[in-house]
Amino acid sequence: MEERVYDLIFICRPDTPEPDVDKLVSTLEHAVTEKGSKIEKIEKWGRKRMAYRVHKLQEGFYVYMVIRSSHGELVKELERRLKVSDAVIKYLTVRLDEELKREEKLKKIRERRAARRPRKATAAPAAADGQAAASL
Amino acid sequence: MAEENAPQQQQAPAPAPASGRPQGKPPGGARRGKRSFVRKKKVCRFCVDKADFIDYKKADILAPFLQERGKILPRRMTGTCARHQRWLTVAIKRAQNIALLPFAAGR
């Protein structure tokens with residue numbers, strides 16, 4: 001299976017001590033590396049106000065990570081772990097590789113177009129010069 | 001030509017706007033007629049920024065495209081192009097799922 005990129009965000013209860021969050025992150029990390037995948041990025045966004053109340057809580061501790069995996073069952077496993085954990089009140093996994101691919105493709109097209117435009121502009125005067133030379 | 005035009009205007013001052021139109025029209029003069037307001041053309045913000053990807057994690061970018069109560073604003077209000085609106089809705093819905101944006105604001 002080709003490699004896929006996932007975004008994984010989860011929200012912990014705001015009253016969980018930070019060591020507990022770190023522990024949870026490290027267990028997830030372990031689960032990821034065990035399956036021969038790798039974590040590209042881990043960001044702790046910290047306590048943030050949520051847009052709506054979850055479990056009667058207005059705030060949450062956000063953790064964001066990017067995972068690169070070619071193992072299909074990995075996401076299932078991670079979500080199971082998050083679901084079991086008491087501290088986690090919400091999580092979201094988004095598959096992102098296709099969108100990143102699209103972004104890259106569009107960027108390439110844009111660059112190519114940008115590269116073509118100045119060349120055309122320089123080509124036109126050159127042609128005009130040639131004509132001028134021919135007429136002379 | 002100039003001689004012809006000048007007497008025409010003198011003779012008929014009433015239909016001046018009609019005769020004024022085919023002539024060169026200054027922008028101020030044209031607006032003085034029936035249409036008193038000119039709507040400014042809205043431009044897609046993401047096209048201006050040359051966005052190839054709309055990140056659902058940046059709630060502050062997505063927030064202006066929501067109504068007060070949390071509805072997604074239609075294209076005709078924001079001027080977003082079709083392609084970016086499509087991406088935008090997906091991004092907003094993802095952000096809603098992880099509580100970065102509200103499903104329905106209010107109390």
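Things to note:
- Annotation: amide H-H contacts under 5 Å for residue A:89 (H modelled 1.01 Å from N, sequence separation of 5 or more, or interchain): A:11, A:12, A:13.
- Order of A:97, B:52 - criterion: other Cβ atoms within 10 Å of each residue's Cβ, fewest first: A:97, B:52
- Straight Cα distances below 15 angstrom link residue A:38 to the aspartates and glutamates A:2, A:3, A:7, A:29, A:73, A:77, A:97, with same-chain residues fewer than 8 positions distant left out.
- Solution diffusion estimate, µm²/s, Stokes-Einstein, segment A:4-95, Kirkwood Rh from C-alpha pairs, 25 °C, viscosity 0.890 mPa s: 184 µm²/s
- Label-point gap, in nm, between residue A:70 and residue A:109 - each point 7 angstrom along Cα→Cβ: 2.9 nm
- Lysines with Cα under 29 Å of residue B:40, excluding same-chain neighbours fewer than 8 positions away: B:25, B:50, B:58, B:71
- With contributions of -39500 (n - 2.57) from each DSSP H run of at least four residues, the per-residue ellipticity at 222 nm computed over chain A stands at -17000 deg cm²/dmol.
- Amide H contacts of residue A:45: A:62, A:63, A:64, each under 5 Å away and 5 or more positions distant or on a separate chain (H built 1.01 Å from N in the peptide plane; Pro and chain starts excluded).
- For chain A: relative contact order, % (alpha-carbon pairs under 8 angstrom, 6 or more apart): 35 percent
- For segment A:22-29, the Karplus equation 6.51 cos²θ - 1.76 cosθ + 1.60, evaluated at θ = phi - 60°, returns couplings of 4, 5, 4, 4, 5, 5, 5, 4 Hz by residue, with Gly and Pro reported as x.
- Eigenvalues of the alpha-carbon gyration tensor of segment B:45-97, scaled by 5 and square-rooted, set the equivalent ellipsoid semi-axes at 16, 14, 9 angstrom, largest first.
- Listed values for segment A:93-108 are Karplus-derived 3J(HN,Hα) couplings in whole Hz (6.51 cos²θ - 1.76 cosθ + 1.60, θ = phi - 60°), namely 10, 10, 7, 10, 5, 5, 6, 5, 5, 5, 4, 4, 4, 5, 5, 5, and x replaces Gly and Pro.
Values in this text are rule-based calculations from the coordinates and carry no lab data. All of these numbers come straight from a predicted model, not from anything done at the bench. When we count neighbours, we look across all protein chains shown, and the Cβ atoms used for this are built from the backbone with ideal geometry, even at glycine.
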